[in-house]
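A.B. asks: One structure follows; several queries about it will come next.
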Amino acid sequence: MVKSAFDHVHTWVFDLDNTLYPPHVALFDQIESLMADYVTATLGVTRDQAHSLRQQYWQTYGTTLAGLMTEHNIDPDPFLDAVHDIDFTVLPKDPSLAAAIHALPGRKIIYTNGTAPYARNVLTARGLDGLFDAIYGIENARYRPKPEHAAFDAIFTHDALDPTRAAMFEDDIRNLQVPHTLGMQTVHVAPTADPQPHIHHHTSDLADFLSQLV
């Protein structure tokens, strides 16, 4: 039974993008377009080159921002402000997900490679505001992104989280490797499963999965 695997969990850690809303909403498409605009203007490259760099940096460094900071020494805050200036009204509210998260026992936190203010905007649009005890963005990890071990260390140390009594919900399988190593229950939230040794569970319907745990 799935529930028994989570009986020990006291802290529930949720990624944000494509985890607390379905990928088909394509919210991140807006962000990727703004990233390309920013890279084009800042580095003086073509838009096609900007998209190529964005993808390359995401693959190599975990986020486009990390690549820009490493390769070009850009200031992260103007970049983050620019790429998160999007239309949140495309996000539908999800009462079923809100009820399922509310019913979970213990602490519930958000940990995203976006910013905390951006996360709050997403949660408000989804009708999930007020459900979480803490919201951590990349700025709280000193701009180190998941999947870096140092990023998880920064957030989990600040939160005083015990990984052996925690679970991580995430759409990017790379970002579940460190939580697995730390002893967390790992849940891959995605339309299709991608079996990996560091993934304990998969779901394409987060609300339904969470409802099985209480």
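The values are calculated or read from the model by the stated rules, or taken from the named source; none is laboratory data. Here the structure is a predicted model, which means the values were calculated and not measured. Here Cβ is always computed from backbone atoms with ideal geometry, including for glycine, and neighbour counts include all displayed protein chains. To get the accessible areas, we keep the full protein, side chains included, count just its heavy atoms, and leave off ligands, DNA and RNA. Shrake-Rupley method; radii C 1.70, N 1.55, O 1.52, S 1.80 Å.
A.B. asks: Could you sort THR11, THR70, THR40 by their accessible area in this structure, using a 1.4 Å probe and putting the largest first?
C.D. replies: Listed by decreasing accessible area, they come as THR70, THR40, THR11.
A.B. asks: Another question, then. So what J values fall out for the range 99-108 if you push phi through Karplus, 6.51 cos²θ - 1.76 cosθ + 1.60 with θ = phi - 60°, rounded to Hz, Gly and Pro as x?
C.D. replies: 3J(HN,Hα) across the range 99-108, in whole Hz: 5, 5, 5, 4, 6, 5, x, x, 7, 10.
A.B. asks: Counting only heavy atoms of protein chains, what accessible area per residue, in Å², does the chain have with a probe of 1.4 Å? Don't jump to the answer; show the numbers that get you there.
C.D. replies: Details: 9630 Å² over 214 residues.
Per residue, the chain has 45 Å² of solvent-accessible surface.
A.B. asks: Normalised by the number of residues in the chain, what is the relative contact order in percent for Cα pairs under 8 Å and 6+ residues apart? Display every interim value, and only then the final one.
C.D. replies: Details: 330 pairs, mean separation 55.3, N = 214.
It comes to 26 percent, rounded to a whole number.
A.B. asks: Another question, then. Let a ≥ b ≥ c be the square roots of the eigenvalues of the Cα gyration tensor of the chain; is it rounded (a/c under 1.5), or, if not, prolate (a/b larger than b/c) or oblate?
C.D. replies: prolate
A.B. asks: Then there is this: Starting from the amide H of THR186, placed 1.01 Å from N in the peptide plane, find each other amide H under 5 Å away whose residue is 5 or more places distant or on another chain.
C.D. replies: Distant-sequence amide H within range of THR186: MET168, HIS200, HIS201.
A.B. asks: Here is a further query. Could you tell me what percent of the accessible area of the range 163-214 is made up of carbon and sulfur, with a 1.4 Å probe and every protein chain present?
C.D. replies: Values: 1100 of 2200 Å².
Carbon plus sulfur share of accessible area: 50 percent.
A.B. asks: Further question: Ranked by accessible surface with a 1.4 Å probe, highest first, in what order do LYS93, LYS146 come?
C.D. replies: Numbers: LYS93 135, LYS146 0 Å².
Sorted by accessible area, descending: LYS93, LYS146.
A.B. asks: A further question follows. Between ALA41 and ARG120, what is the label-to-label distance in nm when each label sits 7 Å out along the Cα-to-Cβ direction?
C.D. replies: My value for the distance between the label points is 2.4 nm.
A.B. asks: Next question, about the same structure. Which value, in Å² rounded to 10, gives the accessible area of ARG107 with a 1.4 Å probe and all protein chains present?
C.D. replies: The accessible area of ARG107 comes to roughly 70 Å².
A.B. asks: By accessible area of protein heavy atoms, probe 1.4 Å, what ranking do TRP58, TRP12 get, highest first? Write out the running numbers ahead of the final one.
C.D. replies: Working: TRP58 90, TRP12 5 Å².
The residues order as TRP58, TRP12, largest area first.
A.B. asks: Another question about this same structure. What list of ³J(HN,Hα) couplings, whole Hz, do you get for the range 82-88 from phi and the Karplus terms 6.51, -1.76, 1.60, once you set θ to phi - 60° and write x for glycine and proline?
C.D. replies: Result, rounded to whole Hz: 5, 7, 9, 8, 10, 8, 8.
A.B. asks: Also, I was wondering about something else. Would you work out what percent of the accessible area of the range 17-148, with all protein chains in place, is carbon or sulfur (probe 1.4 Å)?
C.D. replies: Numbers: 3040 of 6080 Å².
Heavy-atom surface of the range 17-148 belonging to carbon and sulfur, 1.4 Å probe: 50 percent.
A.B. asks: Per-residue HN-Hα couplings for the range 55-61, Karplus 6.51 cos²θ - 1.76 cosθ + 1.60 at θ = phi - 60°, whole Hz, x for Gly and Pro?
C.D. replies: Values, residue by residue: 5, 4, 5, 4, 5, 7, 10 Hz.
A.B. asks: How high is the FRET efficiency from THR192 to ASP75, r the C-beta distance, R0 30 Å, rounded to 0.05? Numbers along the way, then the final one.
C.D. replies: Details: r = 38 Å, r/R0 = 1.25.
That pair, THR192 with ASP75, gives E of 0.20.
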